[in-house]
Amino acid sequence: MEDKLVTLAILTYSKAQILKNVLEGEGIEAYIHNVNLIQPVISSGVRIRIKESDLPRALKIIESSTWLADDVVKEQVPDNHHREKKILVPVDFSGYSQKACEFAFNFAAEIHAEIVLMHVYFSPIYLPNLQYAIEGYGLPVEPDMGTKNMLDGIHEQLTKLTNTLKDEIQLGKLPDVKFSCLLREGVPEEEILQYARENRPLIIIMGTRGQGEKDLELIGSVTAEVIDRSPVFVYAIPKNAKLVHFGAIHKVAFITNFDQRDLIAFDSLITTFQNYKFDISFIHLNSNEQRKTWNEIKLAGIREYFKKQYPQLNIDYHLIPEDHLLANLDSYVKDQQIDVLGITNYKRNVFARLFNPSIARRMVFHSDIPILVIK
């Protein structure tokens, strides 16, 4: 009796190519076919087909791989609207990512959340030589060797990352929390932001370069774009930061411009992290010496207001001259032993963002202190 072909998954071409490579590495023949003859090959309509007799083994391979199970099974199973608490950690396999993973796993264990490790890759548009098939399965796809090698490398790195995390959990270096991996093709910051808008994780935890490291592509960096546009909290942690969990945070400096949105953001900060105890220092960047006294009065008023709202908090305030801003902030952080800098980013148009980068964007590449961007 002939062993017929069955559809294992419907994926984008790039994801289908990765899965095909994995299956063939395990000795399972796999074929990529278009859903119909009209859709471009590069669209979201290609099928992975295998022999029916290989289906049980193929499903077992998918289930044993954290990132494959998350990426493939969700394509086929409808959303049941049950949303768990999730922490999104974008990873690029660098030392920055490792620091973010360490912090995220400790935080997830404390709040009983799930980790989603997300890797986004960009591949050039690839249009293979099209040749009509005669078996009725659509158009055959011939893999481009450059793309295939890139995808093989990504698969290898993802497998290495998940195995490393599992080993560290087993050795007790990381807490045993549920985690999954998500692989997406596209522009990294856009895919991260799209996931955040659609799934509303509690927080995005990202690794960044720190003080003394080369400041490249400040405006276009992934972290800076996510900071500016994220609909949820963002915690940007430099590779050299000493903190490995929120429980070690003792003092947070919150930058305010006396805007009503700052007060709302501060409430959000305290509510979200109500199970943690840390001191608060309100700081204002003073750009006008003539208004110094008035700014101090407003800071004192903010402190008194929040002391009534949150009597359990220790709150103080300081003015920081805006001239030589980064150097002054560095000195303040060191002198006051600040652990985290809290900042609210308001939505600004693209020209304002290009020509007047926000404090968060500037600080995230300048200092070794973590930045908590409050939305």
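The values are calculated or read from the model by the stated rules, or taken from the named source; none is laboratory data. As the structure is a computational prediction, the values presented were derived from the model and not from experiment. Because the Cβ atoms are built from the backbone with ideal geometry, glycine has one as well, and the counts that use them run over all protein chains shown. Just so you know, the surface numbers come from the protein's heavy atoms only, side chains and all, with ligands and any DNA or RNA stripped out. Shrake-Rupley method; radii C 1.70, N 1.55, O 1.52, S 1.80 Å.
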Restricting attention to segment 227-240, and to residues there that are farther than 17 Å from THR272 by Cβ and out of contact with any helix residue (DSSP H, G or I) (no Cβ under 7 Å at 6 or more places or on another chain), which single residue is least open to solvent (accessible area, probe 1.4 Å)? PRO238
Please give the number of the condition ALA265 fails out of (1) open to solvent by less than 10 Å² (accessible area, probe 1.4 Å); (2) in a helix (DSSP H, G or I); (3) modelled with pLDDT of 90 or more; (4) not polar (S, T, N, Q). (3)
Condition check: surrounded by 15 or more Cβ atoms within 10 Å (Cβ to Cβ) and at pLDDT below 85. Does ALA16 satisfy that? yes
What's the number of the condition LYS160 fails, among (1) modelled with pLDDT of 80 or more; (2) open to solvent by less than 30 Å² (accessible area, probe 1.4 Å); (3) not aliphatic (A, V, I, L, M)? (2)
Filter pass, ILE62 being touching a helix residue (DSSP H, G or I) at 6+ places or on another chain (Cβ under 6 Å) and modelled with pLDDT of 85 or more: no
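For segment 314-338, what are the residues that are among the charged types (D, E, K, R) and outside any strand (DSSP E or B)? Step through it out loud before you land on a result.
Filtering segment 314-338 for residues among the charged types (D, E, K, R) gives 316, 322-323, 330, 334-335.
Those that are among the charged types (D, E, K, R) and outside any strand (DSSP E or B): GLU322, ASP323, ASP330, LYS334, ASP335.
So, of the residues in segment 334-375 that are open to solvent by 20 Å² or more (accessible area, probe 1.4 Å) and closer than 15 Å to ILE283 by Cα, which turns out to be modelled with the lowest pLDDT? Steps first, answer last, please.
Looking only at segment 334-375, we keep the residues that are open to solvent by 20 Å² or more (accessible area, probe 1.4 Å), and these are 334-337, 339, 344, 346-357, 359, 362, 366, 368, 375.
From what's left, closer than 15 Å to ILE283 by Cα: 334-337, 339, 344, 359.
Details: LYS334: 89, ASP335: 91, GLN336: 92, GLN337: 92, ASP339: 92, THR344: 84, ILE359: 66.
Across segment 334-375, the extreme among qualifying residues is ILE359.
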Restricting segment 238-262 to residues that are of a type in the set (S, T, N, Q) and more than 15 Å from ASP368 (Cβ to Cβ), the one modelled with the highest pLDDT turns out to be THR256
Those residues of segment 268-286 that are in a helix (DSSP H, G or I) and open to solvent by 70 Å² or more (accessible area, probe 1.4 Å) come to a total of 2
